[in-house]
Amino acid sequence: MKVSKEKIGLAVTGIIVGLSAVILTIFGNPKNMGFCIACFVRDMAGAVKLHSAAVVQYMRPEVIGIVLGSFFLSLAKGEFKPRGGSSPFTRFILGFLVMIGALTFLGCPLRMVLRLAGGDLNALVGLFGFTCGIAVGCFFISKGFSLGRAYKQNKVEGIALPVVNVVFLVALVAFPSLLAFSESGPGSMHAPILLSLIIGLLVGGLAQRTRLCMAGGIRDIILLKDWTLALGSVMIFVVALIGNLVTGSFKLGFTGQPVAQTSHIWNFLGMLLVGLASVLLGGCPLRQLIMAGEGNTDSAVTVLGFFVGAAFAHNFKLVGNATETGPNVYGKSAVIIGIVIALLIAFFNSRIKEEK
């Protein structure tokens, strides 16, 4: 049976992302967090002092590399096409909500897969919630959900986020005194800058070519019965699982997992919010970084929503914590309100109200 180039590309990308996550963990990144877009954006928000949580402040080269890898490769392939104007403020809000849900669960969809590969069964609960959120979003898509048309933008708009990431890199390497750095906790755990940057560039370029997306894979299964895009996520899991078994990092169970909480309902609801908001946005946090690198200003606004959401969550102590009760009452309220807001956005941007 002939295998398509698309499937081969996604499989190879998944293998490299999974292997990269294992390597980054070996060289210093927190366990089960070789890659986590939500956690890394949160650390970067702390590094530029948008929040003051001392244990999660570091300018993550992986995120810089992902954006620049996508930017450089899309430029080289003639696929850098600045475009935007599709409900930017709504996208900002949805990006904000993605971060609220992810920091309740304590990880983005990519880290969810990596946590599961490390034996963290809390991530399995998160996966169920993520899938349910995407299924709800698919219902609204089937009812004509749309955030409107994107329009051609000038190149200055398109290169804005890549330029910001270059500034971040220069600050990290040449002017570190301008930034905040954790002395303990997850923010103090990181692989060498050059290794992290190179891996980020590689992953950004590969993900740009293959359209790797955690939310998109499940969305395509539900709407199109197509497993192609999900192949990347499957291979990430398989390779990370093998890597964890080889290195002795695999630990099966709910308790004692690194940077994880054991409250099932809030793991479920946090990732439900992430899944719902991601499918309405047209991609998971990783995919948003990739599209922003390609010149999509709507995705750049979404990424800005990630940063503000991360800062808000930590400044107002809405994040999850490693207890059976999960986040505090304010964090729980934020998740519920976030789900309601996402549902309202879905409803008012679909044809459901016209059918009534």
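Listed by position, the helices (runs of 4 or more DSSP H) contained in the stretch 107-174 that have at least 1 residues being closer than 25 Å to SER20 by Cβ, modelled with pLDDT of 95 or more and among the basic types (Lys, Arg) are 109-117.
Do the conditions hold for GLY95, that is, is it open to solvent by less than 10 Å² (accessible area, probe 1.4 Å) and assigned to a loop (DSSP other than H, G, I, E, B)?
On the way: open to solvent by less than 10 Å² (accessible area, probe 1.4 Å): yes; assigned to a loop (DSSP other than H, G, I, E, B): no.
No; evaluated as a whole, the condition is false for this residue.
Within the stretch 168-184, is even one residue within 24 Å of ALA277 (Cβ to Cβ) and crowded, with 16+ Cβ neighbours inside 10 Å? Looking for residues that are within 24 Å of ALA277 (Cβ to Cβ) and crowded, with 16+ Cβ neighbours inside 10 Å, one finds none in the stretch 168-184, hence no.
Could you tell me whether VAL56 is of a type in the set (A, V, I, L, M) and assigned to a loop (DSSP other than H, G, I, E, B)?
Criteria met by VAL56.
When GLY9 is tested against the conditions (1) out of contact with any Ser or Thr (no Cβ under 7 Å at 6 or more places or on another chain); (2) farther than 19 Å from ALA180 by Cβ; (3) surrounded by fewer than 19 Cβ atoms within 10 Å (Cβ to Cβ), the lone failure is (1). Which of the residues belonging to the stretch 1-32 are at pLDDT below 95 and not in a helix (DSSP H, G or I)? Residues satisfying the conditions are MET1, LYS2, VAL3, SER4, PRO30, LYS31, ASN32. Taken over the stretch 185-201, the criterion of being assigned to a helix (DSSP H, G or I), among the aliphatic types (A, V, I, L, M) and either in contact with a Ser or Thr (Cβ under 7 Å, 6 or more places away or on another chain) or open to solvent by less than 40 Å² (accessible area, probe 1.4 Å) (or both) is satisfied by LEU197, ILE199. Selection of the stretch 208-247 for residues being over 17 Å from LEU114 (Cα atoms) and touching a residue at least 12 places away in the same chain (Cβ under 8 Å) yields GLN208, ARG209, THR210, ARG211, GLY216, ARG219, ILE222, LEU223, THR228, LEU229.
None of PHE35, PHE72, PHE80 is among the aromatic types (Phe, Trp, Tyr), surrounded by fewer than 24 Cβ atoms within 10 Å (Cβ to Cβ) and assigned to a loop (DSSP other than H, G, I, E, B) except PHE80.
When GLN288, GLN257, GLN261 are screened for being open to solvent by less than 10 Å² (accessible area, probe 1.4 Å), touching a residue at least 12 places away in the same chain (Cβ under 8 Å) and in contact with a strand residue (DSSP E or B) (Cβ under 9 Å, 6 or more places away or on another chain), only GLN288 passes.
When the stretch 205-226 is limited to residues that are of a type outside the set (A, V, I, L, M) and out of contact with any Gly (no Cβ under 8 Å at 6 or more places or on another chain), the one that is most open to solvent (accessible area, probe 1.4 Å) turns out to be LYS225.
Within the stretch 71-84, residues that are of a type in the set (D, E, K, R) have Cβ atoms under 7 Å from residues that are open to solvent by 80 Å² or more (accessible area, probe 1.4 Å) and not in a loop (DSSP other than H, G, I, E, B) in these pairs: ARG83/TYR151; ARG83/LYS152, counting only partners at least 6 apart in sequence or on another chain.
The values are calculated or read from the model by the stated rules, or taken from the named source; none is laboratory data. Values in this document were obtained by computation on a predicted structure and should not be read as measured data. Quick reminder, even Gly has a Cβ in these numbers, built from the backbone with ideal geometry, and neighbours come from all protein chains shown. Areas reflect the complete protein model, heavy atoms only, side chains present, ligands, DNA and RNA absent. Shrake-Rupley method; radii C 1.70, N 1.55, O 1.52, S 1.80 Å.
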